[in-house]
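Colleague: A single structure is presented below for examination.
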Amino acid sequence: MLTTLLAKAAAVPVALVTCLSGGTPAAHQQAGIDLDAPVITRDDIVIQAPLDRIWQIQTDVEAWPAWQPDVTEVTKETPGPLRAGSVFRWSVHGLRDITSTVKQVSPERRIVWGGPAQGITAVHVWTFHQKRDGVHVHTEESWSGDPVEADTPALQAALDASLDAWLHNLKEEAESRPAGRP
């Protein structure tokens, strides 16, 4: 009897046991922003374009400079589609050589990346939801580090403006891109 119970227990996936015990398996935990960071911005927009087009535009990081005027350069260091562990370097708003590492990807639903840039540690989360009235795009980003502590109001305003512009640029690009063009 004990042998049978042990055999059955061994067959129960660890994830199920973890969930039943009130935990969440590490592989399924949602990566997120730093809720204790001094600068946090959250913003939303509804885009009237196919979800797959919006996702492709947002995740084709090397094409960002073509539709994001504040992004001056992007280099993907990890070939292929973005996935957890992918690294890209980019420059935006005069911040050069930002190294971002993708922390989590759920295709056409969610992507999280983050990393350091000139003393600022950023975490950026994007979520995409198809609804009746269009695709709801939600973004949130946190900044922490000595430069943020030194001038929180200015950096809060900068991040607020940056994410607002990003969302509106994404909307314009997705809605104006002809059907069939990736």
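Colleague: Within the range 147-182, take every residue that is at pLDDT below 95 and in contact with a helix residue (DSSP H, G or I) (Cβ under 7 Å, 6 or more places away or on another chain) and give me the one that is farthest from HIS136 (Cα to Cα).
Modeller: In this case the residue turns out to be PRO182.
Colleague: For the range 87-101, which residues satisfy the criterion of being farther than 17 Å from SER162 by Cβ and without any contact (Cβ under 8 Å) to a residue 12 or more places away in the chain?
Modeller: none
Colleague: Just one of (1) open to solvent by 20 Å² or more (accessible area, probe 1.4 Å); (2) free of Cβ contacts under 8 Å to residues at least 60 places away in the same chain trips up PRO38, so point out which.
Modeller: Here PRO38 clears every test but (2).
Colleague: Please verify whether VAL112 is under 19 Å from ASP52 (Cβ atoms), assigned to a strand (DSSP E or B) and either at pLDDT 95 or above or open to solvent by less than 30 Å² (accessible area, probe 1.4 Å) (or both), treating the condition exactly as stated. Walk me through how you get there before you give the answer.
Modeller: Working: under 19 Å from ASP52 (Cβ atoms): no; assigned to a strand (DSSP E or B): yes; either at pLDDT 95 or above or open to solvent by less than 30 Å² (accessible area, probe 1.4 Å) (or both): yes.
No; evaluated as a whole, the condition is false for this residue.
Colleague: Which residues, taken from the range 62-86, are farther than 13 Å from TRP166 by Cβ and hydrophobic (A, V, I, L, M, F, W, C)?
Modeller: ALA63, ALA66, VAL74, LEU82, ALA84
Colleague: Could we say that VAL148 is part of a helix (DSSP H, G or I), of a type outside the set (Gly, Ala, Ser) and surrounded by 16 or more Cβ atoms within 10 Å (Cβ to Cβ) here? Can you show your working first?
Modeller: On the way: part of a helix (DSSP H, G or I): yes; of a type outside the set (Gly, Ala, Ser): yes; surrounded by 16 or more Cβ atoms within 10 Å (Cβ to Cβ): yes.
Spelling it out, VAL148 is indeed part of a helix (DSSP H, G or I), of a type outside the set (Gly, Ala, Ser) and surrounded by 16 or more Cβ atoms within 10 Å (Cβ to Cβ).
Colleague: Does THR99 satisfy the condition of being in a strand (DSSP E or B) and open to solvent by 70 Å² or more (accessible area, probe 1.4 Å)? Outline the logic, then answer.
Modeller: Working: in a strand (DSSP E or B): yes; open to solvent by 70 Å² or more (accessible area, probe 1.4 Å): no.
In short, no.
The values are calculated or read from the model by the stated rules, or taken from the named source; none is laboratory data. Quick caveat: nothing in here was measured; it's all calculated off a predicted structure. In this analysis, Cβ positions are derived from the backbone assuming ideal geometry, glycine residues included, and neighbour counts consider all displayed protein chains. The area values use the complete protein model at the heavy-atom level, side chains included, leaving out ligands, DNA and RNA. Shrake-Rupley method; radii C 1.70, N 1.55, O 1.52, S 1.80 Å.
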